[in-house]
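Below is one structure, written out as structure tokens; the observations come after it.
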Amino acid sequence: MFGCVVSDALRFTGRVLGELGRMAWSSVSAGTPGIPRSIDATNLAWIDEALSERFPGASVAAMEVLGGDSGTTERRRCRTCNLGTSRSSV
């Protein structure tokens with residue numbers, strides 16, 4: 001009887017962990033709402049909006065991808081040309 005209870009408990013725990021893993025994967029694969037999943041999905045309007053909270057009135061006139069690398073995440077270095085200022089890179 002004890003073996004059956006342990007077996008049921010392990011099976012239940014495995015199913016719960018499997019469901020939690022599925023839910024976590026769904027969350028990760030869906031991405032964070034409002035954040036582009038790649039540099040190709042990024043546009044000047046999005047950059048303006050992302051900067052506006054910390055730098056009110058900031059406006060980006062152009063963006064150039066300088067390079068980067070991929071691993072577990074995609075990393076890119078970009079140069080932005082801001083209206084009324086010289087260039088900067090992030």
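Within the range 64-80, which residues are touching a strand residue (DSSP E or B) at 6+ places or on another chain (Cβ under 8 Å) and at pLDDT below 80?
Across the range 64-80, the qualifying residue is only GLU74.
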**OP:** Please specify each residue of the range 43-64 satisfying the condition of being assigned to a strand (DSSP E or B) and out of contact with any helix residue (DSSP H, G or I) (no Cβ under 6 Å at 6 or more places or on another chain).
**Re:** ALA61, ALA62, MET63, GLU64
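The values are calculated or read from the model by the stated rules, or taken from the named source; none is laboratory data. Keep in mind that this is a model prediction, so the values were computed, not measured. All Cβ positions, even for glycine, are placed from backbone atoms using ideal geometry, and neighbour counts span all protein chains on display.
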